Amino acid sequence: MKATNIADPNYFHKVVDCQWACPAHTPVPDYIRLIAEERYTEAYMLNWDSNVFPGILGRTCDRPCEPACRRVRTEEKPVAICRLKRVAADHKGDISAYMPRVPKKKNGKRICLMGAGPASLAVARDLLPFGYEIDMFDRDPAGGGMMRSQIPAFRLPADVLEEEVDLILDMGVNAHFGYEITSMKQMLDMDYDAYFVGTGAPRGRDLDLPGRQEVDDHISIGIDWLSSVAFGHTSSISGKVIVMGGGNTAMDCCRTSKRLGAERVTVVVRSAFDVMKASEWEKEDAMSEGIPIINNRPPKEFLHDNGKLTGIVFECVKPIPDGKGRYRYEPTGEPDVVMECDHVLMAIGQENHCPWVERDAGIEFDKWDCPILDEDTLQSSHPKVFFGGDSALGPENIIWASAHAHKAAISIHLMCQGKDIKQDRPPEGVNLISQKMGIHQWSYDAEHDASKRFIVPHANKRKALDNIKIEVELGFDARLGLKEAQRCLNCDVQTVFTEKLCIECDACVDICPMDCITFTDNAEEGELRAALTAPAENDEQDLYVSESLTTGRVMVKDEDVCLHCGLCAERCPTHAWDMQKSVIHVPQLGSYATR
Amino acid sequence: MTYVVKPRVRHPLLPINELGLTRRDYEGAVSTLCAGCGHDSVSAAIVQACAELALPPHKFAKVSGIGCSSKTPSYFLSHSHGFNAVHGRMPSVATGANLANRELYCIGVSGDGDSASIGIGQFAHIVRRRINMLYIVDNNGTYGLTKGQFSATNDKGSTSKKGVPNLYEPIDLVSMALQIGASFVARSFSGDKRQLVPLIQAGLVHKGFAFIDVISPCVAFNNHNGSTKSYDYVRDHSERLVSADYIAAGEEITVDYESGSLEDVAMPDGSTLRLRKLEEDYDPRDRVQALTHVQRAAEAGEVVTGLLYVDPDAADCHDALGTPAAPLNSLDESALCPGAAALEGVNAQLQ
């Protein structure tokens with residue numbers, strides 16, 4: 001194998017699995033260390049800088065970082081990264097001194113943001129410090145988009161939401177709420193310097209089955225219903241409720257129904273339990289509230305008595321694994337089942353849908369009715385119009401909206417400054433900073449903490465089910481937060497190897513608790529992976545290969561299960577190994593981390 | 001001295017031996033020797049060898065004297081018996097331990113100071129008594145613990161860290177062992193575990209006195225350009241004479257095609273030592289030839305490594321003394337106190 005190029009920012013970035021998996025590339029170990037030092041405000045700001053909504057995400061994020069956490073591979077459960085983010089948000093102090101300053105004198109460029117959800121808000125935050133004038137339009141009476149309308153208050157309290165939304169609006173956004181956009185052409189006529197479409201995926205899917213039209217009064221589309229609950233138009237639901245669908249919206253619908261007075265709530269899913277789209281913990285929370293989830297039941301027909309819904313007919317199927325990790329479904333041969341119900345909440349998916357964009361406005365759409373975008377710039381075929389969040393690539397989650405927003409803000413800024421939005425984008429970078437402070441002193445806590453993942457305390461269940469506004473998860477208190485923070489392996493403190501210093505004494509090989517390091521003859525990657533002290537079977541994790549050493553051998557380190565405990569550097573007599581913190585520069589306008 | 005505690009977590013795919021243990025279960029405390037010390041690699045090699053042989057750690061007696069080398073039994077096999085003896089007196093303790101309990105695997109770790117200076121008398125006599133043990137000398141040619149004076153194994157003409165040459169002839173423990181009766185003699189290098197681990201395995205199962213002289217560089221005081229016991233010097237001047245692969249009893253003996261002529265030696269426990277001779281007419285069972293070869297190589301400034309001599313059928317001290325077949329602590333009253341008739345028999349012999 002060729003020697004690893006550690007100057008490539010992606011090499012060490014990939015080693016920080018959580019940061020690599022995060023769409024916004026939040027520097028996770030860095031903020032966890034700040035929490036461990038009880039520097040909550042700084043931890044919060046580091047988050048705010050890259051993902052914009054730490055308090056909201058600390059409660060609602062889909063957590064792509066957690067399955068990626070190295071701890072899953074070395075032990076079992078990942079660090080509770082998401083809940084630690086919340087710890088930073090819950091315990092932070094006054095952040096006003098850290099906020100970027102917004103110039104009074106504007107730079108003369110006007111930007112139109114459509115939608116007031118996470119994507120638009122994040123674009124506004126990135127652009128405002130550069131003197132842009134920002135107009136934001138949304139049909140809802142308040143900002144926040146789906147964070148306000150679709151996430152129930154027992155998961156995301158209103159004050160948390162409002163604090164983070166207002167933080168951005170107060171930077172000087174000209175908000176036009178209650179403004180229903182009906183025509184893109186009309187907006188383009190307003191002659192802004194750039195447009196950003198962040199209107200989300202606001203159309204919930206429906207199901208056209210026999211009887212659907214007749215029972216229309218008894219069927220609600222999940223996200224619309226949640227929204228009417230959020231804005232106080234709906235405050236109760238009665239009788240037997242069936243929620244159809246297996247995603248997070250379905251979980252929110254069933255738990256909200258339970259709180260609004262439903263006599264019985266059941267979730268029915270057409271597919272198997274383990275392939276449901278809902279996050280593991282959302283399913284757990286719903287079930288622990290006594291809501292049954294019934295799987296492998298595709299619906300066939302709505303039954304009614306003169307327009308009054310009486311029940312739904314479901315087919316019984318069973319999942320057959322296809323060997324590729326997916327299922328196909330076969331009828332079990334059992335007779336169809338009828339489930340009685342008075343109300344149905346349909347949560348079977350959403351679409352990004354922009355009926356208000358005229359198809360001759362210069363913005364091209366593909367055959368799935370999604371805008372055609374440049375992946376790097378998020379620019380549509382209309383040079384002034386950019387898309388981000390769910391409206392760009394279909395329903396994802398809030399953290400993706402932040403990531404898109406950073407990209408789009410760079411594009412808008414470059415365009416407004418007359419630069420090339422593709423060629424002139426700022427590059428990614430990496431800085432490596434030695435953590436050695438003395439002979440046996442490291443500036444990070446190298447000791448491995450073998451604790452199991454700590455459990456987040458929940459509110460009293462009876463009380464929580466009585467009131468939709470009572471937050472179910474209480475979050476870690478400071479003490480539990482500190483304990484959980486200790487579980488982080490500090491994967492951003494990298495093992496950096498300098499060939500010319502190595503005397504091949506094997507000290508690092510002997511001490512490494514995880515058998516990551518091998519000195520061996522060089523070979524092709526496959527051969528090398530099999531020849532290491534411990535086999536390197538996880539192909540997704542890179543091998544760190546050195547240049548040729550004095551004996552002609554090479555040093556090969558399998559990054560897979562390295563604990564970043566620093567023992568290799570500690571036992572190295574010549575300082576050929578060093579522990580160096582990698583600071584990854586993810587391109588972002590005016591980033592706090594790189595300022 | 002390392003303060004970071006070595007985590008107990010292990011690689012999920014680390015091999016588990018027949019006892020259900022991984023290599024990590026054979027480790028000891030984290031070393032307090034200087035970072036990069038060759039002795040730590042020797043400890044790691046012992047750990048690996050014992051784990052691969054699936055020997056029960058509680059069936060070991062590890063003994064040592066004084067010096068950097070003699071600290072190392074703390075750093076391997078933490079679940080075994082150990083005795084840290086007076087300087088140079090490890091052989092007496094080892095002799096006693098082995099005579100009392102012949103079922104224990106006895107590993108002695110000593111250094112060039114402990115065995116070639118203060119303890120040379122004890123060394124000579126444990127060799128000639130052929131105590132059934134593995135005796136390892138971590139040989140770095142220097143008194144590291146007292147900051148780098150020449151030891152008795154330091155080659156004449158090699159220099160100290162500050163450039164002062166050594167004036168005296170070295171004691172070669174390998175030649176001594178060959179001359180006075182060791183039935184297994186090897187030399188290796190701490191930086192070459194592929195050679196060292198099988199040698200340790202063979203030495204452990206060998207019946208009789210097995211001696212391995214391991215050149216183990218002292219990174220702090222004797223790893224410089226004027227040294228003949230530095231990592232670089234040994235790598236440049238070592239001649240691998242006979243390599244030995246340990247093949248456990250019942251394990252399939254596979255054919256390989258590397259150069260050198262092969263000879264399989266049956267060991268008393270049913271295992272096999274596969275010797276690969278890189279010099280066609282070298283016979284590792286010929287003691288005199290081994291002695292000559294080692295001496296000639298030393299004259300040429302070469303370091304001969306590998307299994308230099310083995311006599312798998314040699315008698316050990318227990319054979320010579322006709323001791324009971326079981327450990328002394330397992331003998332019951334009737335064996336220890338055979339009665340008046342037996343006493344009369346003994347007395348009759350003496351009249």
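The values are calculated or read from the model by the stated rules, or taken from the named source; none is laboratory data. Since the structure is predicted, the reported quantities are computational estimates derived from the model, not experimental observations. Don't worry about glycine lacking a Cβ; one is built from the backbone with ideal geometry, like all the others, and counts go over all protein chains shown. Heavy atoms of the whole protein, side chains included, go into the accessibility calculation; ligands, DNA and RNA do not. Shrake-Rupley method; radii C 1.70, N 1.55, O 1.52, S 1.80 Å.
Under 5 Å between amide hydrogens, built in the peptide plane, is the criterion, and for B:L308 it picks out B:V185, B:A186, B:R187 among residues at least 5 positions away or on other chains.
With 0.36 nm allotted per residue and the present C-alpha distance subtracted, the A:E428-A:E471 stretch has 11.6 nm of extension available.
Set Lys and Arg Cβ to +1 and Asp and Glu Cβ to -1, take the dipole of the protein assembly as shown about its Cα centre, and tell me which of A:I221, B:A297, A:F130 lies farthest positive. With unit charges placed on the Cβ atoms, the residue in question is A:F130. Exceedance of the 31 Å cut-off in Cα-Cα distance is limited, within the set A:K77/A:K277; B:K161/B:K193; A:K106/A:K422; A:K77/A:K500, to A:K77/A:K500. Measuring against 22 Å, Cα to Cα, the residue pairs A:K258/A:K463; A:K185/A:K407; A:K14/A:K407 contain A:K185/A:K407 as the ones spanning a longer distance.
Taking amide H as placed 1.01 Å from N in the peptide plane, B:E239 has its amide H under 5 Å from the amide H of B:V303, B:V304, B:T305, each at least 5 places away in sequence or on another chain. Here the protein assembly as shown is assigned +1 on the Cβ of each Lys and Arg and -1 on the Cβ of each Asp and Glu. Its dipole about the Cα centre then comes out at about 2260 debye. Here's the picture: charge each Lys and Arg Cβ at +1 and each Asp and Glu Cβ at -1 in the protein assembly as shown, and of A:G362, B:L55, B:V30 the one pushed furthest to the positive end of that dipole is B:V30. Projected label points at A:A530 and A:I95, each 7 Å from Cα along the beta carbon direction, are separated by 5.2 nanometres. Does segment B:23-330 come out rounded, prolate or oblate, given a ≥ b ≥ c as the square roots of the eigenvalues of its C-alpha gyration tensor, rounded meaning a/c under 1.5 and, failing that, prolate meaning a/b above b/c? Here segment B:23-330 falls in the rounded category. Only lysines eight or more places from A:K109 in sequence, or on another chain, were considered; those with a Cα closer than 16 Å are A:K384, A:K419. What angle, in degrees between 0 and 90 and rounded to the nearest 10, separates the Cα long axis of helix A:248-259 from the longest principal axis of the Cα atoms of chain A? In chain A, helix A:248-259 runs at an angle near 60 degrees to the longest axis. For segment B:1-137, the equivalent ellipsoid derived from the Cα gyration tensor has semi-axes of 26, 19, 11 Å, listed largest first.
Is it possible to state the helix-based mean residue ellipticity at 222 nm for the protein assembly as shown, with each DSSP H run of 4+ residues giving -39500 (n - 2.57), the sum divided by total residues, to the nearest 500 deg cm²/dmol? What is it? Intermediate values should be presented prior to the final figure.
Details: 34 runs with 280 residues, N = 946.
Mean residue ellipticity, 222 nm, calculated: -8000 deg cm²/dmol.
Shielding by partners for peptide A:512-518, expressed as the average number of C-beta atoms from other protein chains within 10 Å of each residue's C-beta, is 4. Over chain A, Cα pairs under 8 Å with separation of 6+ residues give a relative contact order of 17 percent.
Residues of segment A:420-446 whose accessible area, computed with a 1.4 Å probe over protein heavy atoms, drops by at least 20 Å² once all protein chains are present relative to their chain alone are A:H440.
Using alpha carbons only, how many degrees (0 to 90, rounded to 10) separate the axis of helix A:118-127 from the longest principal axis of chain A? Compared with the principal axis, the helix lies near 50 degrees. Each Lys and Arg contributes +1 and each Asp and Glu -1, all at the Cβ; summed about the Cα centre of segment B:1-157, the dipole is approximately 200 debye. Dipole size of chain B about its Cα centre, with +1 on Lys/Arg Cβ and -1 on Asp/Glu Cβ: approximately 1380 debye, rounded to the nearest 20.
The residue among B:T323, B:Y233, B:Q195 whose Cα reaches farthest toward the positive pole of the charge dipole of chain B, with charges on the beta-carbon of Lys, Arg, Asp and Glu, is B:Y233. How far, in degrees from 0 to 90, does helix A:158-169 lean away from the longest principal axis of the Cα atoms of chain A, to the nearest 10? Helix A:158-169 sits roughly 70 degrees off the main axis of chain A. Computed from label points 7 Å out along Cα-Cβ, the spacing between A:S381 and A:I455 is 5.5 nm. Here's the list of lysines a cross-link from A:K92 could span, going by alpha-carbon distance under 20 Å and ignoring same-chain residues fewer than 8 apart: A:K483. Here's how it looks for A:K318: its modeled amide H is under 5 Å from those of A:E330, A:T332, which are all 5 or more places away or on a different chain. Note on chain A: Cα convex hull, mean projected area over all directions, 29.9 nm². Which aspartates and glutamates, on any chain, are close to B:K207 with Cα under 14 Å apart, when same-chain ones fewer than 8 places away are left out? The qualifying aspartates and glutamates are B:E103, B:D269, B:D311, B:D313, B:D316, B:D319.
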